[in-house]
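Input: a single structure, listed below in structure tokens.
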Amino acid sequence: MAQVHAHLPEEPNRFIGREREIAELRGMLRQARALTLCGPGGIGKTRLALRILTAAAAEYPDGTWFVELADLRQPDLVVSRVAAVLGVSEEAGRPLLDTLADALRPRRMVLALDNCEHLIEACAEACGRLLASSPGLRVLVTSREPLRIAAETVWQVPSLSVAPGGAEGTAGGTAGDERAAEAVRYEAVRLFGDRAAAARPGFVIDAGNAAAVAAICLALDGIPLAIELAAARVRVLSPEQIRARMDDRFGLLTAGDRSAAPRHQTLRATIAWSYELLTPAERILFRRLSVFSGWSLEMAEAVCADQAMAPADVLELIAALMDKSLVTPEPTVLGQARYRMLDTIREYAAALLADAGESAAFQLRLREYSLRTAERNLAIGMARVPASWPARVDTFRRYDVEAGNLAQVLSWCLEHGDAHTGLQMCAAVSPCWIVLGMFAEGREWLDPFLALEAASGVPAGVRGAATVVRAQLAMSSDPAAAEPLARTGLELCREVGDAFWTAVALNLLSEIALHTGRAEEAADCANRALAVAQAAGDGWNEGYALGTRAAIAAGTGKLREAEQLASASVSVMRRIDQQWGVARALLGLGDLARLRAHPGEAHSRYVEALPILQEVGARPEIARCLAGLGRVAMDLGATREARQYLAGSLQLSHATGARIGVARGLEAFAALAIHEHRPELAVQLIAAASALRETAGLPPLPGARAERYLAPARRLGDAAVARLWARGLALSSEDAVALALALEEERPGALRVVQTYEVAAAPPSSLTRREQQIAALIAAGHSNKDIAAELSISPTTAARHVANILAKLGFRSRTQIAAWVADRQRRE
């Protein structure tokens with residue numbers, strides 16, 4: 001039986017109708033490379049797409065994936081958003097779209113892009129590139145206009161079926177019952193009945209109201225959003241009253257934009273009618289909430305309340321707007337209930353805000369609130385203020401939650417030439433970009449602000465911090481370009497006496513010097529960073545500098561000194577409760593223990609670091625940690641365990657498109673092949689790793705190190721070694737991974753590696769305690785909703801945990817998780 005692997009948001013309520021369309025579209029999706037669902041706002045494109053993806057999930061071995069674009073305003077970030085959802089990381093010195101295309105090439109999957117109309121050109125370019133390179137890929141798009149690419153099939157989403165116009169009034173007895181039964185055959189009427197029952201428990205469509213409900217649905221042209229808004233009013237009005245008011249309202253509001261589609265006019269009239277029924281206070285909050293892409297109660301109180309509306313009134317007003325289906329509840333995140341508006345409703349509310357002359361004022365209020373929040377998160381995350389580690393973790397998780405609002409604020413600042421706030425915001429959120437490996441996204445936001453003419457007039461401290469951040473983002477791909485930026489930023493920060501960013505710049509310059517072979521200069525910068533940080537009481541930069549000094553000592557063969565410095569770094573990071581800093585230092589201690597031939601100590605260091613790294617989603621470092629555990633197991637002769645750890649590391653690197661991680665993983669598997677007395681395999685893998693390094697522009701393997709892998713095969717003769725080397729050079733990345741894991745190749749889909757690697761792809765310590773608990777519930781047959789109820793979390797949070805477990809273990813299905821749990825239980 002095929003495994004269902006759908007990465008989709010939870011649907012907010014029951015799906016009604018469209019059975020024929022779903023069956024037709026599933027068939028079209030099998031034939032069309034790109035299928036675009038077109039139609040006006042409110043027609044139900046997104047819900048229909050989600051239903052198709054759910055129904056079709058079992059047909060696609062690598063799953064169905066949903067990418068929401070409504071909150072995105074920067075075309076340049078479309079690829080970054082898609083990559084983030086799919087878990088594909090940026091590679092140094094390479095366009096992210098190329099990395100994404102390579103990662104998707106072997107997969108058989110459906111990628112859905114939702115709400116593309118405002119980013120149509122960027123979406124068309126991305127889809128065209130991915131479809132051209134990925135034969136097993138299908139793209140499902142929702143948009144108000146087609147992508148207009150060669151592979152596209154466009155399908156206009158129709159209204160829900162409605163009862164034809166006819167008899168008026170009500171009818172009793174058998175005739176009325178028959179009319180009610182006839183009415184509920186139509187999708188629009190069924191939708192009205194379902195949503196009305198949710199608004200007023202006990203509501204049913206019967207002989208007394210069937211005609212009125214059918215007339216409402218007919219007048220609304222079967223548009224789902226319009227029907228839902230109307231149905232919500234049964235809480236205070238009868239269907240007959242709704243029908244009467246709607247007739248009057250349409251007569252008043254249809255004289256709008258005559259060039260718009262009739263259905264769009266009707267939908268606007270429906271929203272306007274719903275707005276007119278609000279109280280004055282509800283109207284004020286309704287239009288002000290349009291500044292958010294999503295919000296919590298605390299955010300609404302901070303941004304929307306003023307002398308016209310007390311903060312204490314906001315909760316009740318939000319509840320009232322929810323009752324009227326103008327505000328939609330979202331899953332709880334980080335202990336806070338979340339809300340949003342449907343896009344069409346938000347657009348209408350934003351127009352009202354503009355008509356009231358309040359747009360600029362509330363965009364500024366959102367800007368100031370977002371800046372305050374980002375700077376507070378920076379202070380908490382980087383331990384500039386006392387806080388617990390869970391509070392620090394939340395600052396990184398909050399980045400994803402507020403990404404839509406952040407993008408909106410940064411876009412507004414760019415549009416208005418506000419370089420000052422834009423640079424401040426970028427500096428404040430930079431730890432999230434760096435920890436999560438979102439270097440491309442960071443550069444795409446920061447570069448336009450630095451290029452603004454107004455940037456030259458921004459205070460030196462703000463420019464200095466932003467320039468240091470830009471250097472940090474460049475470090476991952478181009479250390480040579482990072483160095484002058486870091487020096488410029490350092491001088492600006494020194495000029496204003498900003499000790500924190502001065503220490504950050506010095507630490508960065510120390511790392512640059514270390515990576516470019518200038519150990520003495522690296523030590524000097526690290527010592528200066530340490531002195532500045534200690535004088536300022538800055539534990540984060542103090543611990544960081546100690547860790548860099550440890551790496552410098554290790555590189556010069558001073559292993560005992562390196563261990564002392566790394567231990568000191570751990571102590572400082574623990575003192576300030578910055579556990580990500582602890583984990584980074586623990587990785588260094590693990591590497592040192594391996595160099596000193598202390599495998600037990602190395603293992604314990606890696607095991608301690610791993611769950612911390614997973615808490616903050618530092619995937620490249622997770623792969624490094626698993627590789628370290630695999631190397632330790634290999635040193636101890638435990639080849640089975642080594643294979644498990646190294647497979648987890650290699651699969652994680654391969655799944656995220658990180659070529660440096662894959663190259664290192666192939667080298668580790670070459671070492672494993674030597675341990676397993678398979679020199680022919682070792683030669684091919686080290687050749688494949690060398691080819692990948694050259695393709696990625698990475699430094700080549702030192703000759704002496706490469707010879708360690710070639711020497712055992714020399715007995716085969718130089719000609720045989722040359723043939724094996726050439727064979728390895730010719731391998732694609734997917735084929736090299738399959739070879740390393742010794743699996744049968746089944747194309748298309750190098751990620752068959754993941755599918756067949758059923759059990760123990762990663763050690764138990766790779767999961768947090770919460771994730772181990774959820775894995776056990778999955779093994780017991782619980783659904784996401786069951787898990788959410790059991791653990792008192794939202795279904796979306798449960799789904800996110802399941803996705804994390806799949807990524808960490810290198811699996812594609814819940815069945816594989818269950819098998820992994822069962823295997824652990826048998827061995828325990």
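The values are calculated or read from the model by the stated rules, or taken from the named source; none is laboratory data. Everything numeric in this text was worked out from a predicted model, so none of it was measured. Every residue, glycine as well, gets a Cβ built from its backbone with ideal geometry; the counts of neighbours run over all protein chains shown. All accessible areas refer to the heavy atoms of the entire protein, side chains included, with ligands and DNA or RNA removed. Shrake-Rupley method; radii C 1.70, N 1.55, O 1.52, S 1.80 Å.
Identify all residues within the stretch 591-625 that are at pLDDT 90 or above, closer than 19 Å to GLY665 by Cβ and out of contact with any Gly (no Cβ under 9 Å at 6 or more places or on another chain); write none if there are none.
Listed by number, the residues that qualify are LEU610, LEU613.
Within the stretch 536-555, can you find the residues that are farther than 10 Å from ARG384 by Cα and either small (Gly, Ala, Ser) or outside any helix (DSSP H, G or I) (or both)?
Across the stretch 536-555, the qualifying residues are ALA536, GLY543, ALA545, GLY547, ALA550, ALA551, ALA553, ALA554, GLY555.
Take the conditions out of contact with any Ser or Thr (no Cβ under 7 Å at 6 or more places or on another chain) and open to solvent by 10 Å² or more (accessible area, probe 1.4 Å) and apply them to GLU615. Does it pass?
Numbers: out of contact with any Ser or Thr (no Cβ under 7 Å at 6 or more places or on another chain): no; open to solvent by 10 Å² or more (accessible area, probe 1.4 Å): yes.
Here the answer is no, as GLU615 does not meet what is asked.
Can you tell me which residue in the stretch 65-82 is nearest to HIS7 (Cα to Cα), limited to those that are free of Cβ contacts under 8 Å to residues at least 60 places away in the same chain and open to solvent by less than 10 Å² (accessible area, probe 1.4 Å)?
So the residue we want is VAL67.
Tally the residues that are over 13 Å from TRP273 (Cβ atoms) and either at pLDDT 90 or above or among the hydrophobic types (A, V, I, L, M, F, W, C) (or both), restricting the search to the stretch 209-222. It would help to see each step written out before you state the result.
Pass one, the stretch 209-222, residues over 13 Å from TRP273 (Cβ atoms): 209-215, 217-218, 221-222.
Next, only the ones that are either at pLDDT 90 or above or among the hydrophobic types (A, V, I, L, M, F, W, C) (or both) stay: 209-215, 217-218.
Qualifying residue count, the stretch 209-222: 9.
Could you tell me which of the residues GLY461, GLY489, GLY517 is over 19 Å from LEU410 (Cα atoms) and not in a helix (DSSP H, G or I)? Spell out the reasoning first.
On the way: GLY461 fails: not in a helix (DSSP H, G or I); GLY489 fails: not in a helix (DSSP H, G or I).
Criteria check complete, one pass: GLY517.
Just the residues that are open to solvent by less than 20 Å² (accessible area, probe 1.4 Å) and of a type in the set (S, T, N, Q), please, taken from the stretch 499-549.
THR502, ASN507, SER510, ASN541, THR548
Out of (1) open to solvent by less than 50 Å² (accessible area, probe 1.4 Å); (2) modelled with pLDDT of 95 or more; (3) assigned to a helix (DSSP H, G or I); (4) not aliphatic (A, V, I, L, M), the odd one out for GLU563 is which?
The one condition GLU563 does not meet is (2).
Would you pick out the residues in the stretch 431-448 that are free of Cβ contacts under 8 Å to residues at least 60 places away in the same chain and out of contact with any Leu (no Cβ under 8 Å at 6 or more places or on another chain)?
CYS432, ASP447 - these are the residues of the stretch 431-448 that are free of Cβ contacts under 8 Å to residues at least 60 places away in the same chain and out of contact with any Leu (no Cβ under 8 Å at 6 or more places or on another chain).
Please go through the stretch 246-302 and pick out each residue that is of a type in the set (Asp, Glu), more than 21 Å from ALA354 (Cβ to Cβ) and modelled with pLDDT under 50.
Within the stretch 246-302, the subset of a type in the set (Asp, Glu) is 247-248, 257, 276, 282, 298, 301.
Next, from what is left, pick out any that are more than 21 Å from ALA354 (Cβ to Cβ): 247-248, 298, 301.
ASP248, the sole residue that qualifies.
Name the residues in the stretch 569-585 that are assigned to a helix (DSSP H, G or I) and buried (at least 19 other Cβ atoms within 10 Å of the Cβ), would you?
From the stretch 569-585, those assigned to a helix (DSSP H, G or I) are 569-575, 579-585; that's our starting set.
The answer is SER569, VAL570, VAL572, MET573, GLN579, TRP580, GLY581, VAL582, ALA583, ARG584, ALA585.
Give the residue that is farthest from the chain's Cα centre (by Cα), with candidates limited to residues of the stretch 640-688 that are in contact (Cβ under 8 Å) with a residue 40 or more places away in the chain, farther than 29 Å from LEU104 by Cβ and open to solvent by less than 30 Å² (accessible area, probe 1.4 Å).
VAL683
Against the definition (surrounded by fewer than 16 Cβ atoms within 10 Å (Cβ to Cβ) and free of Cβ contacts under 8 Å to residues at least 60 places away in the same chain), how does GLY93 come out, yes or no? Before the answer, list the steps.
Working: surrounded by fewer than 16 Cβ atoms within 10 Å (Cβ to Cβ): yes; free of Cβ contacts under 8 Å to residues at least 60 places away in the same chain: no.
No; evaluated as a whole, the condition is false for this residue.
How many residues are open to solvent by 40 Å² or more (accessible area, probe 1.4 Å) and touching a residue at least 12 places away in the same chain (Cβ under 8 Å) if we restrict to the stretch 370-385? Quick ask: steps written out before the conclusion?
As a first pass, look at the stretch 370-385 and keep what is open to solvent by 40 Å² or more (accessible area, probe 1.4 Å): 372, 375-376, 384-385.
Cutting the leftovers down to touching a residue at least 12 places away in the same chain (Cβ under 8 Å) gives us 375, 384.
Adding up the residues that qualify gives 2.
Being aliphatic (A, V, I, L, M) and touching a Leu at 6+ places or on another chain (Cβ under 7 Å) is the requirement here; does VAL458 meet it?
yes
I need every pair where a residue in the stretch 708-726 that is under 11 Å from PRO679 (Cβ atoms) has its Cβ under 6 Å from the Cβ of a residue that is not hydrophobic (A, V, I, L, M, F, W, C), sequence separation at least 6 or different chains.
PRO712/PRO679; ALA713/PRO679; LEU724/GLU680; LEU724/GLN684
I'm told LEU113 meets every condition in (1) of a type outside the set (D, E, K, R); (2) in a helix (DSSP H, G or I); (3) touching a helix residue (DSSP H, G or I) at 6+ places or on another chain (Cβ under 8 Å); (4) free of Cβ contacts under 8 Å to residues at least 60 places away in the same chain except one. Can you identify the failing condition by its number?
Going through (1) of a type outside the set (D, E, K, R); (2) in a helix (DSSP H, G or I); (3) touching a helix residue (DSSP H, G or I) at 6+ places or on another chain (Cβ under 8 Å); (4) free of Cβ contacts under 8 Å to residues at least 60 places away in the same chain one by one, LEU113 breaks only (2).
Residues to consider are LEU473, LEU509, LEU492; find the one that is among the hydrophobic types (A, V, I, L, M, F, W, C), over 29 Å from the mean Cα position of the chain (by Cα) and under 27 Å from GLU621 (Cα atoms).
Values: LEU473 fails: over 29 Å from the mean Cα position of the chain (by Cα); LEU492 fails: under 27 Å from GLU621 (Cα atoms).
Every option except LEU509 fails the conditions.
Return the residues of the stretch 725-740 that are part of a helix (DSSP H, G or I) and open to solvent by 50 Å² or more (accessible area, probe 1.4 Å); say none if nothing qualifies.
Here is the first cut: in the stretch 725-740, the residues part of a helix (DSSP H, G or I) are 725-729, 733-740.
Answer for the stretch 725-740, where residues must be part of a helix (DSSP H, G or I) and open to solvent by 50 Å² or more (accessible area, probe 1.4 Å): TRP725, ALA726, ARG727, LEU729.
Please go through (1) out of contact with any helix residue (DSSP H, G or I) (no Cβ under 8 Å at 6 or more places or on another chain); (2) under 25 Å from ALA383 (Cα atoms) for ALA474 and return the number of the only condition it doesn't satisfy.
(1)
Please specify each residue of the stretch 464-486 satisfying the condition of being assigned to a helix (DSSP H, G or I) and either in contact with a strand residue (DSSP E or B) (Cβ under 8 Å, 6 or more places away or on another chain) or surrounded by fewer than 17 Cβ atoms within 10 Å (Cβ to Cβ) (or both).
Result: ALA480, ALA481, PRO484.
Among the candidates LEU410, LEU406, LEU446, LEU414, which residue alone is farther than 17 Å from ARG372 by Cα, touching a helix residue (DSSP H, G or I) at 6+ places or on another chain (Cβ under 8 Å) and crowded, with 19+ Cβ neighbours inside 10 Å? So that I can check it myself, show each step before the final result.
Details: LEU410 fails: farther than 17 Å from ARG372 by Cα; LEU406 fails: farther than 17 Å from ARG372 by Cα; LEU414 fails: crowded, with 19+ Cβ neighbours inside 10 Å.
Checking each option against the conditions leaves just LEU446.
Scanning for something farther than 18 Å from VAL327 by Cα, out of contact with any Pro (no Cβ under 6 Å at 6 or more places or on another chain), at pLDDT 90 or above and open to solvent by less than 50 Å² (accessible area, probe 1.4 Å), does the stretch 238-245 turn up at least one residue? I'd like the intermediate steps shown before the answer.
So the first thing to find is which residues in the stretch 238-245 are farther than 18 Å from VAL327 by Cα, and the list is 238-245.
Now narrow it down to the ones that are out of contact with any Pro (no Cβ under 6 Å at 6 or more places or on another chain): 238-245.
Filter once more, keeping what is at pLDDT 90 or above: 238-240.
When the remaining residues are screened for being open to solvent by less than 50 Å² (accessible area, probe 1.4 Å), the result is 238-239.
So far as the stretch 238-245 goes, yes, one or more of its residues are farther than 18 Å from VAL327 by Cα, out of contact with any Pro (no Cβ under 6 Å at 6 or more places or on another chain), at pLDDT 90 or above and open to solvent by less than 50 Å² (accessible area, probe 1.4 Å).
For the structure I just gave you, tell me whether GLY588 is within 25 Å of ARG518 (Cβ to Cβ), in a helix (DSSP H, G or I), modelled with pLDDT under 95 and open to solvent by 20 Å² or more (accessible area, probe 1.4 Å). Explain how you work it out, then say what you get.
Numbers: within 25 Å of ARG518 (Cβ to Cβ): yes; in a helix (DSSP H, G or I): yes; modelled with pLDDT under 95: yes; open to solvent by 20 Å² or more (accessible area, probe 1.4 Å): yes.
It is true that GLY588 is within 25 Å of ARG518 (Cβ to Cβ), in a helix (DSSP H, G or I), modelled with pLDDT under 95 and open to solvent by 20 Å² or more (accessible area, probe 1.4 Å).
Consider PRO106 against the criteria (1) crowded, with 18+ Cβ neighbours inside 10 Å; (2) modelled with pLDDT of 95 or more: it satisfies all of them except one. Which criterion is unmet?
(2)
Checking GLY437 against (1) part of a loop (DSSP other than H, G, I, E, B); (2) farther than 30 Å from LEU613 by Cβ; (3) not hydrophobic (A, V, I, L, M, F, W, C), only one condition comes out false. Which one?
Exception for GLY437: condition (2).
Just give me the residues in the stretch 165-197 being aliphatic (A, V, I, L, M), surrounded by fewer than 22 Cβ atoms within 10 Å (Cβ to Cβ) and at pLDDT 90 or above, in sequence order.
ALA197
Which count do you get for residues in the stretch 216-232 that are closer than 20 Å to ARG14 by Cα and more than 37 Å from the chain's Cα centre (by Cα)?
Total meeting the criteria: 1.
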